[in-house]
Every structure is written in C-alpha cells, then in structure tokens.
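So the structure is just underneath, and the comments pick up after that.
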Amino acid sequence: MSNPSLVSRDSRGWSLPGIANLHSHAFQRAMAGLAERQTDPNDSFWTWRETMYAMAGRFTPELLHAVASQLYAEMLEAGYTSVCEFHYLHHAPDGNACTPPSAMSDALIAAARDTGIRLTLLPVLYMTGGFDGRPLSERQRRFGHGVEAYLRLFEALRAKEGETLRIGCAFHSLRAVPPEAMRAVLAAVPADTRLHIHVAEQMAEVRECMEARGARPVQWLLDNTDLDPRWTLVHATHLDDAEVRGIARSGATVALCPTTEANLGDGLFPLRTYLAAGGRWGIGSDSHVSVSPVEELRWLEYGQRLVQQRRNVAASVAVPSVAATLLGDVHASAADSTGFNEVDTIVLDADHPLLAGAIAADVADRWVFAGNRPLVRDVEVAGVRVVEDGHHRDREAIASRYREAMKILLA
Ligand code: NGQ
Ligand code: ZN
C-alpha cells in the first residue's frame, strides 16, 4: 500500500495535493548563492547572519514586493501552493515605523495575491538580542516591537484576511522574546491562532538557554506553554529523547528545512526516532537556497541514510514508498500549521520520460528521487490555474521586475 489516495491520474497527468511551505523569509532569496564565500576562517551560522543582516538592511516595501513575487512564482512552479511567511522585516532600516506600519507586510500580501499562492503571514515578535535580554543591535532594530505595538500590527493584518490569506503569530526565538512577553501575546491572540517559533537550531542556543532558563529550548517550551497542534516549531534540530517524545505527544508540527539547515551547518534532525514516536512535521524552504519541495524531501531522507548507513529510512511496513510516506506526512500537518483547510492540486506531466510507465504507487518516488527535471505541469490554487505547462502565468513580467530590484539590492 502506498497512500493511493494522494496520487491520481487525470487527463493532464498525475495529480497530487499541493505542498505547504511551512517556513519562508522571502527577502533572503535575494542572497541565495551570495553567502558561499569565506568571510572568516571559522564561518558559521553566526557569521552568515551578519551577511544576511546587511541584505535585510537594504529592503524597501517595493523591493520586497519584487523579490517575494519572483520567489512565490518559483514556489508555485515547483509545486508549493501555500507559504508561511515568517516576517520580521517590519520597519525602516533606522527602526522607525513605515507608513502605514504594515507597509512591509502589505508588500508580501500583494506579492502573494499577484502570484496566486496562499499566504499565511506570520508577523514576528522580535524584542531582544539574546537570552540575557540585551537590546537589539543596530542591524536588528528594524525587526523590533513592544508587545502593544506588535498586537496592533497583528490586529491590523487580521482585518485583511481572506480566502487565500491567513494571519498567524510568530515568536522569532526564545533568544528574542522574553517569557513575560510571550505569555502576554499568547493571552491576547484568538484561541485558534497558528503559532510559529524558531527553536534549537544551533547548539549555542541550546547552551545559552540551559544557562539562562535552566532547560533546553524545546523542554522550556514543553514546560512553559501549551504546545498543541496550533504550534509549529521551526527546525527543532537539537533534541534529546524526552523532547522528541514531548513534541510528538503535543501534536505540534516541526517545520524541517533540510537545504537551509545543511547550508547553515545546523545539524541533523532525529527523524527516525521522531517518526517512531508519531511526530508530525512538514517542510520549509526558509532561506531559499533551494526552492523545491523535491530537494527538501530528498535531502531529509538522504541525510538520514548518510549517517545511519541504511536505506529507505522514512518508510515503514505500512507505507513502503519513501516519498509517499514523506508526502503523506507533509500533507497531514499542512492545515494545522497554515490555517488553510482547503487542498489545492498540482499535476505532474505524465508525458515526461521520467514518468514513463508510471503507476500510482511509484509516481511519488519517481518525482522525489529520479532527478531534477521539473515535472510540475499545472498548479491550481483556490480554483485558479496559476501554472500551466510548467510556467507561471506572469513569469516574464515578474522576472523582469526582479532583475531591476536585484540591480538596486546589489548596487
Ligand atoms: C532568521 N534564519 O531569522 O532569518 C534566522 C537566522 C537567527 C534561520 N534560523 C537568524 N534559518 O536565528 O537569529
Ligand atoms: Zn527561519
């Protein structure tokens, strides 16, 4: 049995549910491939972050719209039909509010509307520069809010919700949000709000959290919040066995971002024990060094094969196909993480040589494991066909605005 319900044959090809992208920082697409040169002999996540802040400092609402539009069109062509945008680039570079204060958020909303992707916009609360409560550095200033100003933004954005737009709530990380502020926001937002947070991506965060709060980051969340299916924990790379079981028991989703986690040298998520515990998870393209659900899923499985020296790690007796298992899990967590219950459809090109002789039971594995040719033929979101024959309907116009934006960003 290989999840036959996920894949079906229609007149244009093999149809599957669209894929939810659970974690995105759209502006980072503009630096994909530009942080792969040594800046320090000990380059790390933390030196990459300085490069990233320099890029973040250049964005205006117009530039963000151009970059996000290109990114979202690429996502749709790759088979993502919704995206959770973890958005903290709120203010002008000097830290002063934009006019209106939601201008940067509005640029993302416009990009999603223009391209046709479903957007779960997650305005991010970002308050401190570390566990010790130090103030934001100069380069972080445009990310920051007090609780009241944050809740005003959240409410202003909620008023814009519609068929393809949901507003959720995000805490940047335990580093950036003091416990009282987190409690105040959790008490203020509606009970069904989706809640996302970066957690335990780097060992330095785990060590500092133990020192400052007396617990590992995920353990702290388990002890101090009501983790449940409304929560999405982004990365959760460094877990002990109790944390693995704790997340699985809570029903929260882990957003795994394998290409970014590899690119940043984060570490390897304990997938096998987490799946054995019944944990829920999805994927995100995060920093967008890759915009491909195929590559995320493939590397999730390959990372495990490389360290464990075995094959077909995610599969089980019940679902022997690796890709059907992965796609099934991704599909099962999507509504709780994004807030969208509707399922969109992507159609893979049945005439492509890579799918020659395919049957429903092997389509998913062929798509995920048989190469890098784009197989997505058509994509429909909320009943609108936004990709046809592999091309986003506005591909050329969006790409030319992106090229102009990149000239300014790289000047
Ligand atoms: C971010 N990105 O906020 O964009 C983070 C890096 C941080 C990832 N964690 C910055 N992949 O965590 O402080
Ligand atoms: Zn992130």
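Considering only the stretch 269-290, state which residues are surrounded by fewer than 23 Cβ atoms within 10 Å (Cβ to Cβ), in a loop (DSSP other than H, G, I, E, B) and either small (Gly, Ala, Ser) or within 16 Å of ligand 1 (Cβ to nearest atom) (or both).
277, 278, 289, 290, listed by residue number.
All but one of (1) out of contact with any helix residue (DSSP H, G or I) (no Cβ under 9 Å at 6 or more places or on another chain); (2) more than 13 Å from ligand 1 (Cβ to nearest atom); (3) in a helix (DSSP H, G or I) hold for residue 43; which doesn't?
Condition not satisfied by residue 43: (3).
Do we find that residue 296 is within 16 Å of ligand 2 (Cβ to nearest atom), outside any strand (DSSP E or B) and closer than 20 Å to residue 204 by Cβ in this structure? Reasoning before the result, please.
Details: within 16 Å of ligand 2 (Cβ to nearest atom): yes; outside any strand (DSSP E or B): yes; closer than 20 Å to residue 204 by Cβ: no.
Judged against the criteria, residue 296 is not a match.
Out of all the residues in the stretch 6-40, which are more than 13 Å from ligand 1 (Cβ to nearest atom), touching a residue at least 12 places away in the same chain (Cβ under 8 Å) and of a type outside the set (A, V, I, L, M)?
Matches in the stretch 6-40: 8, 9, 10, 12, 13, 14, 15, 17, 18, 21, 33, 39.
Take the conditions crowded, with 20+ Cβ neighbours inside 10 Å and either among the β-branched types (Val, Ile, Thr) or within 16 Å of ligand 2 (Cβ to nearest atom) (or both) and apply them to residue 327. Does it pass? I'd like the intermediate steps shown before the answer.
Details: crowded, with 20+ Cβ neighbours inside 10 Å: yes; either among the β-branched types (Val, Ile, Thr) or within 16 Å of ligand 2 (Cβ to nearest atom) (or both): no.
Considered against the rule, which asks whether it is crowded, with 20+ Cβ neighbours inside 10 Å and either among the β-branched types (Val, Ile, Thr) or within 16 Å of ligand 2 (Cβ to nearest atom) (or both), residue 327 comes out as no.
Does the stretch 82-103 contain any residue that is surrounded by 22 or more Cβ atoms within 10 Å (Cβ to Cβ), under 30 Å from residue 376 (Cα atoms) and among the aliphatic types (A, V, I, L, M)?
Checked against the condition, which is being surrounded by 22 or more Cβ atoms within 10 Å (Cβ to Cβ), under 30 Å from residue 376 (Cα atoms) and among the aliphatic types (A, V, I, L, M), the stretch 82-103 yields at least one hit.
Of the residues that make up the stretch 282-289, is at least one of a type in the set (A, V, I, L, M) and either touching a helix residue (DSSP H, G or I) at 6+ places or on another chain (Cβ under 6 Å) or more than 21 Å from residue 339 (Cα to Cα) (or both)? Talk me through it step by step, then tell me what you get.
Of the residues in the stretch 282-289, the ones of a type in the set (A, V, I, L, M) are 283, 289.
If we keep only those that are either touching a helix residue (DSSP H, G or I) at 6+ places or on another chain (Cβ under 6 Å) or more than 21 Å from residue 339 (Cα to Cα) (or both) too, we end up with 283, 289.
Looking for residues that are of a type in the set (A, V, I, L, M) and either touching a helix residue (DSSP H, G or I) at 6+ places or on another chain (Cβ under 6 Å) or more than 21 Å from residue 339 (Cα to Cα) (or both), one finds at least one in the stretch 282-289, hence yes.
Cβ contacts < 8 Å: first residue touching a residue at least 12 places away in the same chain (Cβ under 8 Å) and over 16 Å from residue 81 (Cα atoms), restricted to the stretch 277-289; second residue within 11 Å of ligand 1 (Cβ to nearest atom) and in a loop (DSSP other than H, G, I, E, B), any location; separation 6+ or different chain. Result?
So the pair list comes out as 287/25; 287/257; 287/264.
Taking the stretch 333-385, which residues are part of a strand (DSSP E or B) and surrounded by fewer than 15 Cβ atoms within 10 Å (Cβ to Cβ)?
Quick first cut of the stretch 333-385, residues part of a strand (DSSP E or B) only: 345-349, 376-381, 384-385.
Residues satisfying the conditions are 384, 385.
Looking at the stretch 178-203, which of its residues are within 14 Å of ligand 2 (Cβ to nearest atom) and over 20 Å from residue 335 (Cα atoms)? Give the derivation first.
Step one: list which residues in the stretch 178-203 are within 14 Å of ligand 2 (Cβ to nearest atom), which gives 196-202.
Within the stretch 178-203, 199, 200, 201, 202 meet the criteria.
Return the total of residues in the stretch 46-63 being away from ligand 1 (no atom under 14 Å from the Cβ), assigned to a helix (DSSP H, G or I) and surrounded by 15 or more Cβ atoms within 10 Å (Cβ to Cβ). Quick ask: steps written out before the conclusion?
Taking the stretch 46-63 and keeping what is away from ligand 1 (no atom under 14 Å from the Cβ), we get 58, 60-63.
From the residues that got through so far, the ones that are assigned to a helix (DSSP H, G or I) too are 61-63.
Then drop every residue that is not surrounded by 15 or more Cβ atoms within 10 Å (Cβ to Cβ), which leaves 61, 63.
Of the residues in that region, 2 qualify.
Looking at residue 284 and the list (1) within 14 Å of ligand 2 (Cβ to nearest atom); (2) over 12 Å from the mean Cα position of the chain (by Cα), which single condition is not satisfied?
Result: residue 284 fails condition (2) only.
I'm checking my understanding of the structure. Among residues of the stretch 247-258 that are within 17 Å of residue 173 (Cβ to Cβ) and within 16 Å of ligand 1 (Cβ to nearest atom), which one is surrounded by the fewest Cβ atoms within 10 Å (Cβ to Cβ)?
Per the criteria, the residue is 255.
Go through the stretch 259-268 and give me each residue that's part of a helix (DSSP H, G or I) and away from ligand 1 (no atom under 12 Å from the Cβ). Working first, answer last.
Of the stretch 259-268, the ones part of a helix (DSSP H, G or I) are 259-263.
Those that are part of a helix (DSSP H, G or I) and away from ligand 1 (no atom under 12 Å from the Cβ): none in the stretch 259-268.
Tally the residues that are more than 23 Å from residue 281 (Cβ to Cβ) and within 16 Å of ligand 2 (Cβ to nearest atom), restricting the search to the stretch 205-214. Talk me through it step by step, then tell me what you get.
If we filter the stretch 205-214 for residues that are more than 23 Å from residue 281 (Cβ to Cβ), which is where we start, we get 207-208, 210-214.
Filter again for within 16 Å of ligand 2 (Cβ to nearest atom), leaving none.
Residues in the stretch 205-214 being more than 23 Å from residue 281 (Cβ to Cβ) and within 16 Å of ligand 2 (Cβ to nearest atom): 0 in total.
Among the residues of the stretch 89-98, are any of a type in the set (Asp, Glu) and under 14 Å from residue 162 (Cα atoms)? Quick ask: steps written out before the conclusion?
Within the stretch 89-98, the subset of a type in the set (Asp, Glu) is 94.
Imposing the further condition that a residue be under 14 Å from residue 162 (Cα atoms) reduces the set to none.
Looking through the stretch 89-98, none of the residues is of a type in the set (Asp, Glu) and under 14 Å from residue 162 (Cα atoms).
So in the stretch 236-272, with the set limited to residues that are within 30 Å of residue 43 (Cβ to Cβ) and hydroxyl-bearing (Ser, Thr, Tyr), which one is nearest to ligand 2 (Cβ to nearest atom)?
260
When you check residue 137 against the structure, is it away from ligand 2 (no atom under 16 Å from the Cβ), over 18 Å from residue 344 (Cβ atoms), surrounded by 15 or more Cβ atoms within 10 Å (Cβ to Cβ) and modelled with pLDDT of 95 or more, yes or no? Lay out the reasoning, then the answer.
Values: away from ligand 2 (no atom under 16 Å from the Cβ): yes; over 18 Å from residue 344 (Cβ atoms): yes; surrounded by 15 or more Cβ atoms within 10 Å (Cβ to Cβ): no; modelled with pLDDT of 95 or more: yes.
When the stated conditions are applied, residue 137 does not pass them.
Which condition from (1) crowded, with 21+ Cβ neighbours inside 10 Å; (2) touching a strand residue (DSSP E or B) at 6+ places or on another chain (Cβ under 7 Å) is the one that residue 209 breaks?
(2)
Which one is nearest to ligand 1 (Cβ to nearest atom) among residues in the stretch 300-317 that are assigned to a helix (DSSP H, G or I) and surrounded by 20 or more Cβ atoms within 10 Å (Cβ to Cβ)? Give the steps one after another, and end with the answer.
Of the stretch 300-317, the ones assigned to a helix (DSSP H, G or I) are 300-308.
From the residues that got through so far, the ones that are surrounded by 20 or more Cβ atoms within 10 Å (Cβ to Cβ) too are 300-301, 304.
Values: 300: 16, 301: 21, 304: 20 Å.
It comes out as 300.
Is one or more of the residues making up the stretch 328-338 over 20 Å from residue 22 (Cα atoms) and either under 26 Å from the mean Cα position of the chain (by Cα) or without any contact (Cβ under 8 Å) to a residue 24 or more places away in the chain (or both)?
Here is the first cut: in the stretch 328-338, the residues over 20 Å from residue 22 (Cα atoms) are none.
Within the stretch 328-338, none of the residues are over 20 Å from residue 22 (Cα atoms) and either under 26 Å from the mean Cα position of the chain (by Cα) or without any contact (Cβ under 8 Å) to a residue 24 or more places away in the chain (or both).
The values are calculated or read from the model by the stated rules, or taken from the named source; none is laboratory data. None of these values were measured; they are calculated from a predicted model. No Cβ is skipped: glycine too gets one built from the backbone with ideal geometry, and neighbour counts run over all protein chains shown.
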